[in-house]
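Data first, discussion second: the structure below is written as C-alpha cells.
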C-alpha cells in the first residue's frame with residue numbers, strides 16, 4: 001500500500017489491534033474500538049481499505065462518506081450489515097471470513113442447551129442466595145431426545161455431530177440436502193413443518209437473508225412440540241421476537257437460549273438510538289429485548305458464540321490474508337462488489 005493509502009480497522013479490541021499491526025507492518029494502519037457508521041466515517045475518509053465487524057452498519061450513506069474505498073474486509077461470515085448493492089455500484093470489493101468457528105459456535109450452542117436442560121443458571125442463582133433446595137430444579141437427559149437442526153451448513157453439521165455424541169436423534173432441515181452426509185452422520189432430513197412438532201430442542205443455524213427474515217414466526221412457533229427448547233446462535237432477524245415471547249408465555253416453549261436477538265445492535269448504541277429514522281419501532285424492539293431478560297427460562301448471551309481466543313485468531317489471520325490478497329491484485333473470499341459501473 002502506498003503512503004497515500006490507508007487501512008482503517010473498526011471494532012477491534014487492543015490485543016486484536018496489536019495482532020493486526022504486527023502482521024501488517026508495511027501497511028499504514030489506524031485502529032478504532034468503535035463501529036464504522038455515519039458518525040465515525042470521517043475517521044476513514046481517506047482509507048482505501050476498511051475492516052469491520054457486525055456492529056458496523058455500512059449503509060449507502062456511510063459508503064458515500066468514504067470516497068477512496070476499494071475494499072471492505074468484514075471479519076465475519078455474514079455480511080448483511082453491508083449494503084452490497086451500493087458497494088457493487090462503486091466497484092468496492094467485499095470479502096468475508098467464510099470459516100473460522102464452526103466448532104466454537106456449536107460448542108456454545110450446547111452450552112446453552114445444557115444450561116437449560118439441567119437448569120444450571122437457576123441452580124447457580126439459587127445457590128448464591130443460600131437456598132439449597134432442589135425443588136423445581138429437575139432437568140432432563142439429552143440421550144434419546146430429538147434435536148432439530150435448522151440449517152446443515154458448517155456450524156449445523158458440528159451441532160449434529162455433538163448431538164449424535166449425546167445419543168440424540170437428529171432431524172435436519174436444509175434447502176440443499178446432502179443424503180450422503182445424512183447417512184454418514186446418522187441424521188434425517190425432513191421439511192421444517194415436520195421438524196418443529198417432532199423436536200424436543202430446535203436450534204437455528206441458517207443464514208439471515210431476505211427470505212429467512214422471521215423464519216420463526218408465530219405460526220411456526222405454534223407448530224413446535226409443547227415443552228420444547230429453542231436455541232438461536234445464528235442471527236437475531238431469523239426470529240420474530242414478539243412471537244418468541246408469545247410462545248414462552250403460552251408454555252409452548254419450556255425455555256430459550258439466545259446468543260443473538262433481533263435489534264441487538266441497538267442495545268450497544270442506546271444513546272444514539274433516538275437520532276435514527278424509525279426510532280419508535282426500534283425502541284419497541286429494544287424494549288422486547290429488555291423484557292426477555294426477565295424470563296427465568298431464557299438465557300441470553302451477548303453474541304459471543306463465536307468468541308473464543310482460537311476463533312478470533314483464525315478470523316484475524318483470514319482477514320490479513322484477504323487484505324494482502326487484494327493489495328496483490330488477487331482478491332479472495334469475495335462475496336460482493338468489485339464491478340464498477
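A short reminder: the numbers here are calculations on the coordinates, not readings from a lab. Note that the structure is a prediction, hence the values are computed from the model and not measured. So basically every Cβ, Gly included, is an ideal-geometry build from the backbone, and we count neighbours across all protein chains shown.
Of note:
- Fewest-first ranking of 46, 310, using other Cβ atoms within 10 Å as the exposure measure: 310, 46
- Exposure proxy order (Cβ contacts within 10 Å, fewest to most) of 206, 146: 146, 206
- Rg over Rh for the range 102-300 works out to 0.98, both radii taken from alpha-carbon positions and Rh defined as the Kirkwood radius.
- Extension reserve of the residue 15-residue 184 stretch, reckoned as 0.36 nm per residue once the Cα distance is removed: 56.8 nm
- Note on residue 25/residue 175: beta-carbon distance plugged into 1/(1 + (r/R0)^6) with R0 of 45 Å gives a FRET efficiency of 0.55.
- Residue order, fewest to most beta carbons within 10 Å, for 168, 21: 21, 168
- The label-point distance for residue 219 and residue 80, in a model that sets each label 7 Å from Cα toward Cβ, rounds to 1.9 nm.
- Extension reserve of the residue 307-residue 140 stretch, reckoned as 0.36 nm per residue once the Cα distance is removed: 57.3 nm
- From the alpha carbon centroid of the range 210-228 to that of the range 311-341 is 36 Å.
- Most mobile of 12, 305, 106 in a GNM of the chain (Cα contacts under 10 Å): 12
- Taking packing as the residue-averaged number of other Cβ atoms within 10 angstrom, the listed peptides 254-261, 209-216, 115-122, 175-182 run from highest to lowest as 254-261, 115-122, 209-216, 175-182.
- Nearest-0.05 FRET efficiency for residue 166 and residue 211, computed from C-beta distance (R0 41 Å): 0.85
- Rounded to 10°, Cα long-axis angle of helix 102-117 versus longest principal axis of the chain: 30 degrees
- MRE, 222 nm, helices only [DSSP H, n ≥ 4, -39500 (n - 2.57), over the chain, to nearest 500]: -11000 deg cm²/dmol
- Helix 309-327 vs. the chain, principal-axis angle (Cα, 0 to 90°, nearest 10): 30 degrees
- DSSP bridge orientation in the chain - percent antiparallel, rounded to nearest 5: 5 percent
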